[in-house]
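Heads up, the thing below is written out as structure tokens.
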Amino acid sequence: ANWKLPSTKRDRFLQAPEEHDFWQADHIFAVAEGGGGSGLDNFRTLCTPCHRSETSKLHQRLKSKRLNEGADGSGKQLDIMSAFSKVKSSEEKTKKKRKRKRVAD
């Protein structure tokens, strides 16, 4: 990895190192991509900067996948008005449930 450690972090690492500062467990096949049910052969140990880099790459893949699939998972992108109407209807359902709870108390 091509990285430099800021002097403030370096000093803390030397004076009060913590377990997660140096090494991270990483799923080779990411849980978010279906790798959650696998065994120990799906784990590897990465230095913290490399793990951060791999996690960033994963987030980019997931973001790209969401944009390509659309918000409803159909493969079609939603127009902005339909996206807000779904949020609004969900909020209305939540408010109705809250009102019911208050009446029952």
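Since every read-out is calculated from the coordinates, none of them should be taken as a lab result. Remember, it's a predicted structure, so these values are computed and weren't measured experimentally. Virtual Cβ from ideal backbone geometry, glycine too; neighbours counted across all protein chains shown.
A simple spin-label model places pseudo-atoms 7 Å from Cα toward Cβ; at F29 and R61 they are separated by 1.2 nm.
Take the Cβ-Cβ distance between A16 and R52 as r, set R0 to 22 Å, and report the resulting FRET efficiency rounded to the nearest 0.05. Working shown, then result.
Working: r = 20 Å, r/R0 = 0.93.
Calculated value: 0.60.
The chymotrypsin sites (Phe, Trp or Tyr not before Pro) found in the range 1-46 that occupy coil by DSSP, while having at most 10 further C-beta atoms within 10 Å, are W3.
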